[in-house]
Amino acid sequence: VSSVEATQAHLDRIAAVDGELHAFLHVNAGAIDQARAIDERRASGEQLHELAGAPVAIKDVLCTVGMPSTSGSRILEGWIPPYDATPVARLKAAGLVPLGKTNMDEFAMGSSTEHSAYGPTRNPWDLERIPGGSGGGSAAAVASFEAPFALGSDTGGSIRQPAAVTGTVGVKPTYGGVSRYGSIALASSLDQVGPVTRTVLDSALLHDVIGGHDPHDSTSLDRDWPSFAAAAREGAAAGDLRGLRVGVVRELDSDGIAADVDARFQEAVQLMTDAGAEVVEVSCPSFAYSVAAYYLILPAEASSNLARFDSVRFGLRVERPGQTVEDVMGATREAGFGPEVKRRIILGTYALSAGYYDAYYGSAQKVRTLIQRDFDAAFAQADLLISPAAPTTAFKLGEKLDDPLAMYVNDITTIPANLAGIPGMGLPMGLGDDGLPVGLQLLAPMFEDDRLYRAGAAIE
Ligand code: GLN
């Protein structure tokens, strides 16, 4: 198929189903022209990337020239960035065709996409259920065949958890493996951009395109990464896990994991054993504090990052004659931020305030170190760690919306990886008792993302 045919087919699919799903906030009006340009280059004999011409959906957290980038917020409504985020620039350079921007919880705060200022996305498996979050739009687009590839961002699970509840594959790379330049910051020490796809190999191919050193991001790692696609192809060809030590994290498979999710997980453990892996149990006692530490560190960093939305630099401005600068800022932030964003700004500024800094932010940073040490100890016993990717299958829209704590504890399985900076993958492991997808999580040591692809492709 030509790029025009592939792109048109996906645009048709979006036109047919997105009225109900609402995975997209913006559809790229230039997609067909861009696809045609790729077809012409290929016809003229130019050697193009393996993925050139393939359509891709982009989470709205990423800056895109010529397309609005709102991060799911009213405060950025209609804002069109003057530059592309590095992962987007790299996709375009490889010849992929952006289909549009996908829906997300406002500023990537949430686990259900219900905190989007533009209304929720629905799960294609059951329209009454959430598609996960914050990147529910990218996951729903891939799961519903509106897009074959998508980009997401993962600060506390926003790639892996939506993958789990929509039956797709998603990867949070090693911190620093993919540039954050042009990714609208939530929590800078936790954020990573990564792929969302239907197969492990597709995620690997996309990761190869977007990853690698970028001088525009001071936390970008300058190192030689192996080909993740080669790792996935090796894993698929081997089809087994012989020689691999797999650690089951006791603390991530206990309280709060639904019975059907646990049942699928035990089957996955058996499947990995049958595939030749040596399965051991590991313990990471500090994970008990990971959600608490994350929900201090994240709001602290977010409250600082969101200070740039001051009614002057970007987007919305609410003003009336005679008002002071402070009035305009206050009125703009009052009108432009939704309730979850305000909640986290208040939490973050409180945690950072003079009298409380040591007690809250300081303690949370110590927990972060303990979690890293737990991972170090676990990876001394195992090459790869596994757990359920999310504690339950997709919950109902509205079910946790009025209960922030219930929404937060839902992130228990994914948060430790962000706090430690290590790479993680969410991939399908069958269906729950309700017929909805259940996700498996694979975790690898820092820099060893290729292990996720080799093992993921072997058991897929
Ligand atoms: N659910 C988490 C949160 O609300 C994850 C967010 C994310 O990864 N962007 O913070």
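With the helix formula -39500 (n - 2.57) applied to DSSP H stretches of n ≥ 4, the chain reaches a computed 222 nm mean residue ellipticity of -12000 deg cm²/dmol.
Where the only charges are on Cβ atoms (+1 Lys, Arg; -1 Asp, Glu), what is the dipole of the range 159-214 about its Cα centre, to the nearest 20 debye? In total the dipole reaches around 160 debye. Against the criterion of solvent-accessible heavy-atom surface with a 1.4 angstrom probe, 207, 49, 10 sort, most first, into 49, 10, 207. Separation of the range 31-58 from the range 106-167 is 27 Å, based on Cα centroids.
Report the calculated FRET efficiency for residue 237 and residue 325 (r = Cβ-Cβ distance, R0 = 51 Å), to the nearest 0.05. Taking R0 as 51 Å, the efficiency between residue 237 and residue 325 is 0.25.
A simple spin-label model places the labels of residue 224 and residue 314 3.7 nm from each other, with each point 7 Å out along Cα-to-Cβ. Projecting the Cα atoms of 166, 45, 131 onto the charge dipole of the range 22-177 (Cβ charges, centred on the Cα centre) puts 45 farthest toward the positive pole. For residue 59, the lysines whose Cα falls under 25 Å of its own Cα, not counting residues fewer than eight places away in the same chain, are 92, 101, 172, 342, 396, 400. A protection proxy built from the mean count of other Cβ atoms within 10 Å ranks the segments 266-275, 360-369, most packed first, as 360-369, 266-275.
Measuring only protein heavy atoms, the 1.4 Å probe finds residue 279 accessible over about 50 Å². Counting charges near residue 28 (Lys, Arg +1; Asp, Glu -1) among other residues having Cβ under 15 Å from its Cβ returns a value of -1.
The loop-placed GluC sites (Glu not before Pro) in the range 317-382, going by DSSP, that have at most 16 neighbouring Cβ atoms within 10 Å of their Cβ come out as 319. Separation of the range 75-99 from the range 245-298 is 36 Å, based on Cα centroids. Under 12 Å from the Cβ of residue 206, count the other residues' Cβ atoms, weight Lys and Arg +1, Asp and Glu -1, and hand me the total. Around residue 206, the charge tally is -1.
Note on the range 364-458: dipole from Cβ charges, positive end direction compared against 410, 398, 365; the farthest Cα belongs to 365.
Given R0 = 22 Å, the distance between the Cβ atoms of residue 127 and residue 433 translates into a calculated FRET efficiency of 0.70. Rounded to two decimals, the Cα radius of gyration of the range 80-233 over 2.2 N^0.38 Å is 0.97.
Of the residues 296, 62, the one with the largest accessible area comes first in the ranking 296, 62, computed with a 1.4 Å probe on protein heavy atoms. The value obtained for the range 198-275, namely the Cα convex hull volume divided by the number of residues, is 166 Å³ per residue.
Entry note: the chain has Rg to Rh equal to 0.96, where both radii use alpha-carbon atoms and Rh is the Kirkwood radius. Quick one: net charge around residue 433, please, counting Lys, Arg +1 and Asp, Glu -1 for every other residue with C-beta under 11 Å from its C-beta. Surrounding charge for residue 433 is -1. Dipole check for the chain: with +1 at the C-beta of Lys and Arg, -1 at the C-beta of Asp and Glu, and the Cα centre as origin, the magnitude is about 800 Debye.
In this Cβ point-charge picture (+1 for Lys and Arg, -1 for Asp and Glu), the range 3-235 has a dipole of about 140 debye about its Cα centre.
Taking a ≥ b ≥ c as the square roots of the eigenvalues of the Cα gyration tensor, an a/c ratio of 1.5 or more together with a/b no larger than b/c marks the range 333-459 as oblate. The calculated FRET efficiency for the pair residue 292 and residue 42, based on their C-beta separation and a Förster distance of 45 Å, comes to about 0.30. With contacts taken as Cα pairs under 8 Å and at least 6 residues apart, the range 3-235 reaches a relative contact order of 18 percent.
The values are calculated or read from the model by the stated rules, or taken from the named source; none is laboratory data. Values in this document were obtained by computation on a predicted structure and should not be read as measured data. As a convention, Cβ positions derive from the backbone with ideal geometry for all residues, glycine included, and neighbour counts pool all protein chains shown. These area figures cover heavy atoms from the full protein model, side chains too; ligands, DNA and RNA do not enter into them. Shrake-Rupley method; radii C 1.70, N 1.55, O 1.52, S 1.80 Å.
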